[in-house]
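Peer 1: I have a structure here, written as structure tokens, and I will follow up with some questions on it.
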Amino acid sequence: MYQQTGAHPDYSDKRQPLKKLNDAATAIAHKAGKVFVTLAAGNPAYDALDRVRELRNAFMHAKERDEAIDPVALTSVVAAELDENHCRNFLRQLRQGVANVYDQLPDLTPPIVTREDVKWLGEFEIP
């Protein structure tokens, strides 16, 4: 939404984040005379971006699931879910999700690196 309006959304906008993303990207594409293919549940790009939202909400202690939030248990669950292999897979899916959106909006610069196997600072690999 920031790319579309120049302002971050606030709490008065009750739409889900990916609905906001789809709506803003559609408006940006329409303004440029292009079509944006919206992300939907089950699409790997949508699922990766939705997982980012869930993890962020969990760390911010936002309650969206039925179970209670236990910071200690959450830390171990997230650590187990994001071991090196899971982390590489998650980052790959996130990168692909962002690329899926920004490839459809070529006039905008993605907020993260969307290419695979980028090397920074010599040998530091971004999976």
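We did not get these values from a lab; they are worked out from the coordinates using the rules stated. Source: prediction; values computed, not measured. Neighbour counts are summed over all protein chains in view; Cβ atoms, including those assigned to glycine, are modelled from backbone coordinates with ideal geometry.
Peer 1: Tally up the residues in segment 16-34 that are free of Cβ contacts under 8 Å to residues at least 24 places away in the same chain and more than 16 Å from the chain's Cα centre (by Cα), please. Give the steps one after another, and end with the answer.
Peer 2: Quick first cut of segment 16-34, residues free of Cβ contacts under 8 Å to residues at least 24 places away in the same chain only: 16, 19-20, 22-24, 26-27, 30-31, 33.
Within this subset, residues satisfying the condition of being more than 16 Å from the chain's Cα centre (by Cα) are 26-27, 30-31, 33.
So the count comes out to 5.
Peer 1: Name the residue that is nearest to Asp47 (Cα to Cα), counting only residues in segment 1-15 that are charged (D, E, K, R) and over 17 Å from the mean Cα position of the chain (by Cα). Quick ask: steps written out before the conclusion?
Peer 2: Of the residues in segment 1-15, the ones charged (D, E, K, R) are 10, 13-15.
Right, trim to over 17 Å from the mean Cα position of the chain (by Cα) and you get 10, 13-14.
Numbers: Asp10: 23, Asp13: 22, Lys14: 20 Å.
It comes out as Lys14.
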